[in-house]
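Nothing in this text is a laboratory measurement; each read-out follows from the coordinates by a stated rule. Since we're looking at a predicted model, the values are computed, not measured. Here Cβ is always computed from backbone atoms with ideal geometry, including for glycine, and neighbour counts include all displayed protein chains.
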Amino acid sequence: MKKLPLKNPSYKALLLSFKDWLDVLGFAPKSVYSFPIFVREFLHYHEQKGIHQLQYITPKTVRDYYEYLQQRPNERRGGGLSKNYLNGHQQALKKFNEYLKKHNAKPLPLHIKPERIDRTDTIEVLTEEETKQLFEATQYSTKYQRVRLRDKAMLVLLYSCGLRRNEAINMNVKDVNFDRELVLVRKGKNYKERYVPINRYNLRLLEDWIYEGRPMYPDYKQSESLLLSNQTGGRLFGGAIAESLKRIVRATGNETITAKHITPHKLRHSIATHFLSAGMDMGDIKQFLGHSYLETTQIYTHLLEKL
């Protein structure tokens with residue numbers, strides 16, 4: 001649906017501006033890519049109905065659009081659209097409404113929604129034992145010592161600190177406060193800063209990387225980035241994190257872990273679920289993850305019930 005045509009100049013301009021807004025605010029690349037595609041389908045639908053201005057979109061046309069999505073076939077795999085895909089539409093339109101409000105435009109009447117979609121159906125997490133296996137696998141995930149040390153540091157940021165991928169990428173060496181046992185997340189979602197506590201064991205892993213692993217990279221002093229790229233010696237990119245995770249997973253030799261297709265966000269889901277299972281207060285988990293709303297964090301309550 002990413003190639004759906006839009007003829008209306010105002011719709012085209014809105015879509016471009018919305019994408020730029022997401023990018024400037026530091027949303028994950030996946031959201032910057034997918035949200036405008038969902039909004040494009042919404043605008044295309046209304047354009048085909050002869051509605052060329054947002055002000056003429058009504059609760060009825062929104063209801064009709066949701067019903068259309070419920071019936072629209074999946075163009076890639078056949079059948080209907082998945083719950084995850086429908087949920088993506090809701091998230092994208094909600095964020096588009098937020099964009100409109102920020103730019104003093106009349107928001108869309110999105111209060112009429114289809115049946116609530118249970119996001120926990122699409123979330124997979126690692127068990128604590130599987131997480132332990134990931135850390136153990138960094139002992140032999142590659143023949144290069146500097147990369148093994150970086151692998152450990154990467155897991156500390158993504159799992160032990162629960163950072164989003166972009167937050168881990170943008171971490172600098174100076175953001176690790178060894179004395180106070182904290183890491184500073186400067187570029188969180190919507191550019192919100194927060195401090196994340198880190199225990200001594202994980203601090204030692206970061207210390208090993210900073211003082212033993214980083215100096216093995218050429219020109220490491222030229223970069224302030226905490227995680228360094230093997231190719232450039234500069235800041236690590238998201239693709240390299242994904243490839244590193246795949247390599248670590250392969251090193252475990254565990255088919256169950258492999259089947260879960262581990263991503264940085266699944267590691268984040270995992271630590272939150274483990275904290276909740278251990279009895280950590282929901283408000284503390286919210287602050288740890290950097291969520292704006294408690295409702296976002298409460299998803300882990302429902303997830304825990306399914307484990």
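For region 142-194, the relative contact order works out to 21 percent when only alpha carbon pairs closer than 8 Å and six or more residues apart are counted. From least to most packed, judged by other beta carbons within 10 angstrom and beginning with the fewest, Arg164, Arg180, Arg186 follow the order Arg180, Arg186, Arg164.
Applying the Karplus relation 6.51 cos²θ - 1.76 cosθ + 1.60 with θ = phi - 60° to region 256-262 yields 3J(HN,Hα) values of 5, 5, 4, 5, 7, 6, 4 Hz, where x marks Gly and Pro. Counting neighbouring beta carbons within 10 Å and listing from fewest to most, the residues Leu163, Leu157 come out as Leu163, Leu157. Can you list which of the chymotrypsin sites (Phe, Trp or Tyr not before Pro) found in region 212-307 are DSSP loop residues with at most 16 other C-beta atoms within 10 Å? Qualifying residues, ordered by number: Phe237, Tyr293.
Think of it as helices only: each DSSP H run of n ≥ 4 in the chain is worth -39500 (n - 2.57), and spread over all residues that comes to -15500 deg cm²/dmol at 222 nm.
Cross-link pairs exceeding 23 Å between alpha carbons, from the set Lys19/Lys94; Lys30/Lys106; Lys30/Lys260; Lys19/Lys221; Lys12/Lys106: Lys30/Lys106; Lys19/Lys221. Between the residues Ser10, Gly279, Tyr201, the greatest Cα displacement towards the positive end of the dipole of the chain, with unit charges on the Cβ of Lys, Arg, Asp and Glu, is found for Ser10.
Under 8 Å for C-alpha pairs, at least 6 residues apart: give me the relative contact order for the chain, rounded to a whole percent.
So the answer I get is 17 percent.
Shape of region 9-117 from its Cα gyration tensor (a ≥ b ≥ c, root eigenvalues): rounded if a/c is under 1.5, otherwise prolate when a/b > b/c, or oblate? The shape class here is oblate.
Over the chain, the pair-distance histogram of Cα-Cα distances with 20 Å bins from zero comes to 29, 53, 18, 0 percent, rounded to whole numbers.
Sorting Met282, Met171 by the number of Cβ atoms found within 10 Å of their own Cβ, with the fewest placed first, yields Met282, Met171.
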